[in-house]
Amino acid sequence: MFLNRYISLLIFGLVLLMSCYYDKEELLYGPSLPCTDSTGTISYTAKVVPILQTSCYGCHSGGSPSGGQAMGNYTADKAMALNGKLLGTITHATGYSTMPKGGAQLSACKIAVVRKWIQAGALNN
Ligand code: HEC
């Protein structure tokens, strides 16, 4: 009887702990987890570039990038990641232009991929 109660309490505690962990992860990476693309280490070349290529480089690369905001190479993309503009514009945060301009907001999964890459230090990996 006593043992039973102890075990129930233990299980209850574990479930509580797990739900806390899940909540935190959701806060960090957005509500779309699990999203297979955003698990593990995020590679700039393999995961981030394809997203930016599809949605951003069209207007932000070349000789006269829109808004004077250059993108499309690691140095430029990293600078934008670290000064907050990359995440600010794609999450439509206050104080930033909403990007991609005139297009639909990136999916929660794509935003999670970009956010996780930035959180890991925006590496050239
Ligand atoms: C259809 C063209 C177009 C696309 C696609 C586009 N942009 Fe822009 N972007 C612009 C224009 C035009 C401006 C300058 C006017 C403005 O700020 O709204 C701009 C400005 C910006 C700025 C500087 C403004 C600020 O708030 O600091 C950033 C950063 C930016 N874009 C990021 C992005 C990112 C990231 C993507 C891809 C998710 C993207 N853009 C896709 C046209 C585009």
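At-a-glance table
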item: Pairs, first on the phi > 0 side of the Ramachandran plot in the range 62-88, second in a helix (DSSP H, G or I), C-beta under 7 Å, six or more apart; result: G72/Y57; G72/H60
item: Which listed residue, of K101, K78, K110, K116, is touching an Asp or Glu at 6+ places or on another chain (Cβ under 8 Å) and either part of a loop (DSSP other than H, G, I, E, B) or not aliphatic (A, V, I, L, M) (or both); result: K110
item: Per-region count, the range 77-93, residues polar (S, T, N, Q) and within 9 Å of the ligand (Cβ to nearest atom); result: 2
item: Criterion (near the ligand (Cβ under 8 Å from one of its atoms) and among the small types (G, A, S)) met by exactly one of G121, G102; result: G102
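Each reported figure results from applying straightforward, stated rules to the coordinates on display, with no laboratory input. All values reported here derive from a predicted model rather than from experimental measurement. Here Cβ is always computed from backbone atoms with ideal geometry, including for glycine, and neighbour counts include all displayed protein chains.
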